[in-house]
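The values are calculated or read from the model by the stated rules, or taken from the named source; none is laboratory data. All values derive from a computational prediction rather than experimental measurement. With ideal geometry, Cβ positions are generated from the backbone for all residues, glycine too; neighbour counts draw on all protein chains shown.
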């Protein structure tokens, strides 16, 4: 099959013949052509998209030496003539990103000897993995500066097919992965690399390289960056976010960090005040529950309370009397929760009581004779569970 994307990566449309059409094991329809300008996924670069006879090409793969164009629907079998059209915006973006990766990787290696061991071209950003464990910020800045200087010089980007013997004469940046059909991509006096991807014909067409971030991945450093038109897309996104935050915080762009810090600190203060207010309210609620109950047990059914609030309430009530026994039930739309507590001198066994309640609601929980809690399915109402708990608690077996 003739690979037009190697002859001229700028081909946007082409005419060819259909060799055959079939479906793979996943029943995906694909077409094999006599020649193609569609680049298949490989070497870290995603596949091209576009159309064949106005039917969308959704994937392109090289399988057993043939390039398969996966389609949204079948081509008309009555004709063998095929018109292909490349999604040029996507293709040129990939050309910019791939060439920019070559330049940035070469910059890291030339300046500091940092080798690139893997490369990924994503939808919005791309990454390289450097064979190092730490990346000083000044090294990232210098590599970016050199990469952009090479781009501004508008050096040619050449590609050539060579034999293994011919390839050995070039100062290659990394070891070749093939011994035949070797294709070199060359930026004279800067980068010599074996590569099967598509690239522009000059560094100036990359437009620019911008490192966004880096992080440690196992024993390597993963550098995230963008090239070409993606830099403008990143800038536009960040501008829109910054403008929104400026309006939201009522602060100019340069004062956003301090405005955000003040907002966070104020939020922490408010959270602290709110927590203190909740504690005060719980103390009043505990006192009211204790004084309102005339019997041996302090009990109540709640709806929609948190288990943490029930725990605090139970402990506060139990602390008000050495003989207090507390049973609190919380009811939600689909479950029941409970907390059982006792004062220091009470002879009740809250762990045993809890075990009986958990069986009644098919629940899970834990605790000790002084304090126990649990939750389970809503197999009855909260009031019914409370009455069951009070009956059990009144039995002699639940006294020490």
Residues satisfying the stated conditions in the range 156-172, i.e. farther than 13 Å from residue 100 by Cβ and surrounded by 18 or more Cβ atoms within 10 Å (Cβ to Cβ) = 167
Residues of the range 195-215 satisfying the condition of being outside any loop (DSSP other than H, G, I, E, B), in contact (Cβ under 8 Å) with a residue 40 or more places away in the chain and closer than 30 Å to residue 134 by Cβ = 203, 206, 209, 210, 211, 212, 214
Would you tally the residues in the range 281-301 being assigned to a helix (DSSP H, G or I) and either surrounded by 14 or more Cβ atoms within 10 Å (Cβ to Cβ) or touching a residue at least 12 places away in the same chain (Cβ under 8 Å) (or both)?
-> 7
Quick one: would you say residue 361 is within 16 Å of residue 383 (Cβ to Cβ), under 42 Å from the mean Cα position of the chain (by Cα) and in contact (Cβ under 8 Å) with a residue 60 or more places away in the chain?
-> no
Kindly provide the set of residues from the range 304-324 that are modelled with pLDDT under 90, over 14 Å from residue 287 (Cα atoms) and over 36 Å from the mean Cα position of the chain (by Cα), ordered by number.
-> 322, 323
Subset tally (residues that are out of contact with any strand residue (DSSP E or B) (no Cβ under 7 Å at 6 or more places or on another chain) and in a strand (DSSP E or B)) for the range 57-68 = 1
Mind listing whichever residues of the range 59-89 are exposed (fewer than 14 other Cβ atoms within 10 Å of the Cβ) and within 29 Å of residue 226 (Cβ to Cβ)?
-> 89
Subset tally (residues that are without any contact (Cβ under 8 Å) to a residue 40 or more places away in the chain and either touching a strand residue (DSSP E or B) at 6+ places or on another chain (Cβ under 8 Å) or surrounded by 12 or more Cβ atoms within 10 Å (Cβ to Cβ) (or both)) for the range 20-43 | 8
Return the pairs, sorted by first residue and then second, in which the second residue is at pLDDT below 85, the first residue lies in the range 302-327 and is in a strand (DSSP E or B), the beta carbons are less than 8 Å apart, and the residues are 6+ apart or on different chains.
-> 325/296; 325/297; 325/393; 326/297; 327/297; 327/393
Requiring at least 2 residues that are modelled with pLDDT under 95, the helices (runs of 4 or more DSSP H) wholly within the range 83-194 are 164-167
